[in-house]
Every structure is written in structure tokens, then in C-alpha cells.
Amino acid sequence: MAMIENVCRQTLEATEFVTIVTQGEAGPHVSATWGDYIRAMGIDNDTLIVPVGSMQKTEANLRRDSRVQVLAASRQVQGTHGPGQGCLLTGTAEILIDGDLATKVKEKFPWARGAMLIRVGSVKTQL
């Protein structure tokens, strides 16, 4: 598993929102969540936890193909060419409706129906 560290950790800690890309039958499907939601659940070295409200299409896609890409960016993080840095995290994900992790998310976010557990396999900065 990849380590979420250095500039990518800084970017996740500063980003306003992240995009989540899954693969559907008709091609890529993009959803998003707020960076605050991810930070509230804690950023681990190789996992992210996303509260899930709706995301039915994302959930259906993940049942077919668990691969996921997450893109975070922030102008608050110094990039290679000045202010602003992006970071692409690639891995696998699943949406959990029951169990300890889902309960933990629902306690913090009463509107959530579950948790998306993202296992990060690679991390790279975007130029």
C-alpha cells in the first residue's frame, strides 16, 4: 500500500473538496465529497474514509469494479511551479453500510448511510 505523506498529505489536509472517479458500464463516473468530511474521519497512511449519503451509482460501480481514483487539490499548498498542488490517489474502494466503520461514520455524520473505505495503492503529485 502507498503512504499518504509529505505534499499529498498536506494537500488532503488543505483541500476544500475531492473528486472520486469510478468505472461504470458507460465509462467513468465522477462524484465528490468535502475535504472536511475526510479530515473528520482521519487521514491514515494508506486509507481514506468517506461518509456516504447518496452515491448509489458510485456504489454500483464499485460492486462491479473496485478500482477508484481520488483527486485532491489546494492552492494553499506550494506546488512545483508556485502556489497550488494536486495529488492523485489510486486504489480500491468499497461502501460499507453495516459494521464498526459504518457506525463510526454515522455517529459523526447522522445523515450518512454508510462509509466508503478507500485503500490507497499509489499516490502521485500532479504538475
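Brief remarks follow.
- So I118, is it surrounded by 17 or more Cβ atoms within 10 Å (Cβ to Cβ) and either under 11 Å from the mean Cα position of the chain (by Cα) or acidic (D, E) (or both): yes
- Of all the listed residues (Q69, Q10, Q85), the sole one being touching a helix residue (DSSP H, G or I) at 6+ places or on another chain (Cβ under 9 Å), among the polar types (S, T, N, Q) and under 26 Å from Q126 (Cα atoms) is Q85.
- Among (1) in contact (Cβ under 8 Å) with a residue 12 or more places away in the chain; (2) assigned to a strand (DSSP E or B) - the single one P83 does not satisfy: (1)
- Selection count where residues are out of contact with any Leu (no Cβ under 7 Å at 6 or more places or on another chain) and of a type outside the set (S, T, N, Q), scope region 97-127: 18
- Pairs where the first residue, in region 1-14, is touching a residue at least 40 places away in the same chain (Cβ under 8 Å) and the second is outside any loop (DSSP other than H, G, I, E, B) and of a type in the set (G, A, S), C-beta under 6 Å, 6+ apart: A2/G121; A2/S122; T11/A72; T11/S74; L12/A72; A14/S74
- If only residues of region 41-65 that are of a type in the set (G, A, S) and within 15 Å of K106 (Cα to Cα) are counted, the one that is modelled with the highest pLDDT is G53.
- Any strands (runs of 3 or more DSSP E) falling wholly within region 10-71 and containing at least 3 residues that are surrounded by fewer than 17 Cβ atoms within 10 Å (Cβ to Cβ): 17-24, 27-34
- Within region 116-127, residues that are outside any strand (DSSP E or B) have Cβ atoms under 8 Å from residues that are of a type in the set (S, T, Y) in these pairs: L127/T80, counting only partners at least 6 apart in sequence or on another chain.
The values are calculated or read from the model by the stated rules, or taken from the named source; none is laboratory data. Values in this document were obtained by computation on a predicted structure and should not be read as measured data. With ideal geometry, Cβ positions are generated from the backbone for all residues, glycine too; neighbour counts draw on all protein chains shown.
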